[in-house]
Amino acid sequence: MDATCTRIAHLSDVHMLDTRSSRARASWSMGHRFLSFGRPLDAAERCRKLAHALSVARRAGTHHVVISGDLTEIGAPGEFECLAESLHDSGFAPGRITLVPGNHDLYTSPDGWKKALDGPLAAFRATSASARQEIVECAGVRLLPIDVTHHQPVTRSAGCVSGKTLDVLRRCAADPRLDDRPLVVVQHHPPFVRKTRALHWIDGLIGATHLMALLGAFRHLFVLHGHLHHIVNRSLGCGVDRIFGATAVVDDRDVARVRLYDVSSRHFAAAGVVTN
């Protein structure tokens with residue numbers, strides 16, 4: 001890595017469980033069982049996976065960590081508390097971590113994310129998605145973390161980018177004082193339209209067409225996202241990848257997978273996936 005580069009580590013979809021809940025040792029709610037279908041409801045193991053991924057990121061010389069949503073399984077207060085404990089134990093200062101919520105983080109309460117930022121995640125609020133919707137300067141990189149979640153039943157997993165958020169993105173992207181470096185939007189859902197109208201309504205990002213139009217208009221605008229649980233590299237016709245998705249921490253087995261990006265001056269580029 002060039003000494004002038006800033007290295008970003010991208011994690012996503014942690015799906016943290018509450019290790020202190022009696023449900024960790026007994027029965028889980030129907031919501032947990034539905035959302036974790038096919039995955040063991042092992043709270044300690046999910047904590048271990050996040051700790052492992054953060055350790056790998058630290059050894060890779062990461063300057064800043066981005067975790068792009070679905071931080072918890074169902075957005076329960078105890079899950080946010082366990083997430084906060086893992087982040088504080090990571091060796092990264094809170095100012096070097098950016099968090100955005102995913103659809104899972106609002107299943108328990110429509111204000112679950114706000115309560116988490118006011119409570120256990122307060123130390124990370126300044127660099128994470130909040131009502132301020134402001135650019136965050138992190139290690140020389142301009143990040144714009146946004147909240148594209150809304151409260152919905154566990155049977156739906158869509159996101160929504162509001163008109164207000166689109167106005168903020170448009171204003172920031174068009175500001176000539178901010179076009180000298182990459183402007184990196186961090187959100188949970190991918191910004192592109194899904195394959196069918198039904199799938200898009202259930203699991204896509206409402207307002208995606210407007211966000212894609214902004215990406216087409218401003219070449220210094222990039223998006224980091226999660227939700228799909230696999231690597232995404234997508235260009236917009238100019239030959240340069242501008243949309244990047246990461247794998248899911250919850251799906252890691254014995255090997256952590258941490259996506260890296262190197263940022264310098266006007267350049268933003270994927271730098272591979274580092275494992276153990």
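The values are calculated or read from the model by the stated rules, or taken from the named source; none is laboratory data. In this text the structure is predicted, and so the values were computed from the model without any measurement. Backbone-built Cβ (ideal geometry, glycine too); neighbour counts: all protein chains shown.
Observations
- The set of residues in the stretch 5-21 being among the basic types (Lys, Arg) and either surrounded by 24 or more Cβ atoms within 10 Å (Cβ to Cβ) or under 13 Å from residue 77 (Cα atoms) (or both) consists of 20 alone.
- Selection status of residue 173, touching a residue at least 12 places away in the same chain (Cβ under 8 Å), over 30 Å from residue 31 (Cα atoms) and touching a strand residue (DSSP E or B) at 6+ places or on another chain (Cβ under 6 Å): yes
- Cβ pairs under 6 Å, 6+ apart, first in the stretch 101-114 and touching a residue at least 60 places away in the same chain (Cβ under 8 Å), second of a type in the set (S, T, N, Q) and surrounded by fewer than 23 Cβ atoms within 10 Å (Cβ to Cβ): 103/157
- Out of 7, 20, 39, one residue alone is under 28 Å from residue 268 (Cβ atoms) and either touching an Asp or Glu at 6+ places or on another chain (Cβ under 6 Å) or in contact (Cβ under 8 Å) with a residue 12 or more places away in the chain (or both). It is 7.
- Looking across the stretch 191-225, the residues that are over 22 Å from residue 239 (Cα atoms) and buried (at least 16 other Cβ atoms within 10 Å of the Cβ) come down to 200, 203, 204, 205, 206, 207.
- Some residue of the stretch 118-139 being more than 18 Å from the chain's Cα centre (by Cα), modelled with pLDDT of 95 or more and of a type outside the set (Gly, Ala, Ser): yes
- Count of residues meeting criterion [assigned to a helix (DSSP H, G or I) and out of contact with any strand residue (DSSP E or B) (no Cβ under 8 Å at 6 or more places or on another chain)] in the stretch 201-238: 10
- Pairs meeting the criteria (first residue in the stretch 225-238 and over 15 Å from residue 203 (Cα atoms) and free of Cβ contacts under 8 Å to residues at least 12 places away in the same chain, second residue of a type in the set (Val, Ile, Thr) and assigned to a strand (DSSP E or B), beta carbons under 9 Å, at least 6 apart or on different chains) are 235/243.
Residue by residue, here is whether (1) among the charged types (D, E, K, R); (2) part of a helix (DSSP H, G or I); (3) free of Cβ contacts under 8 Å to residues at least 40 places away in the same chain holds:
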position: 134; (1), (2), (3): yes, no, yes
position: 137; (1), (2), (3): yes, no, yes
position: 142; (1), (2), (3): yes, no, no
position: 149; (1), (2), (3): no, no, no
position: 156; (1), (2), (3): yes, no, no
position: 169; (1), (2), (3): no, yes, no
position: 177; (1), (2), (3): yes, yes, yes
position: 188; (1), (2), (3): no, no, no
position: 191; (1), (2), (3): no, no, no
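- Odd one out for residue 75 among (1) touching a residue at least 12 places away in the same chain (Cβ under 8 Å); (2) assigned to a loop (DSSP other than H, G, I, E, B); (3) of a type outside the set (Ser, Thr, Tyr); (4) on the phi < 0 side of the Ramachandran plot: (4)
- Among the residues of the stretch 265-275, at least one is in contact with a helix residue (DSSP H, G or I) (Cβ under 8 Å, 6 or more places away or on another chain), within 19 Å of residue 57 (Cβ to Cβ) and exposed (fewer than 15 other Cβ atoms within 10 Å of the Cβ).
- Among the residues of the stretch 213-247, the ones that are closer than 19 Å to residue 258 by Cβ and modelled with pLDDT of 95 or more come to 17 in all.
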